[in-house]
Structures are given as C-alpha cells and as structure tokens.
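What follows is a single structure, written as structure tokens, with notes after it.
Laboratory data are not the source of any read-out in this text; all were calculated from the coordinates shown. The shown structure was predicted, so the numbers you read here are calculated from the model rather than taken from an experiment. Backbone-built Cβ (ideal geometry, glycine too); neighbour counts: all protein chains shown.
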Ligand SMILES: [Zn+2]
C-alpha cells in the first residue's frame, strides 16, 4: 500500500527546498539567468531560467553542486 502521507511530505519538502534555493540565489547572485550552464556550457532550458531567477547552471550541474555541498 502506498503511504500517501509519506508522499505528501516529500512533495512539501521538495517545494520548500526549491523556494529556499530560489531565495538564496536571489540574495547572492544577480537576477539575470544564464543562457548557458556555468559548469558544462549546455544551454539552460527556458522554463528553468524563468522558474529559477538568477540560475547559472543546468539541472544536472545544479544537482552535482548540491551533492558536493552536502
Ligand atoms: Zn550544466
């Protein structure tokens, strides 16, 4: 049986970390989203650039950065 509470909690955590990430980027980086990833030079998809103001990396490199930071 699928634990719905568990799933809901995971969703909330995801949203929260996304919001925190956005706030952190707004505080420390210029609000201009990069067109190309800072790490791998791949183009950053437009939806991601809109969703994450000031984004400098693609999703994959962002994930790698998070891992490194942890
Ligand atoms: Zn990248």
On C-alpha positions alone, give me the angle between the axis of helix 4-28 and the longest principal axis of the chain, in degrees, nearest 10. 20
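If the chain between residue 20 and residue 51 were fully stretched, how many nm would it gain, using 0.36 nm times the residue separation less the Cα-Cα distance?
Working: separation 31, 0.36 × 31 = 11.16 nm, distance 1.30 nm.
Contour length minus Cα-Cα distance gives 9.9 nm.
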Helix 59-69: angle to the longest alpha-carbon principal axis of the chain, degrees 0 to 90, nearest 10? 80
Helix-only [θ] at 222 nm, the chain, -39500 (n - 2.57) per DSSP H run of 4+, per residue, nearest 500, equals -19500 deg cm²/dmol
Quick calc: nm separation of the 7 Å Cα→Cβ label points for residue 5 and residue 59 -> 3.0
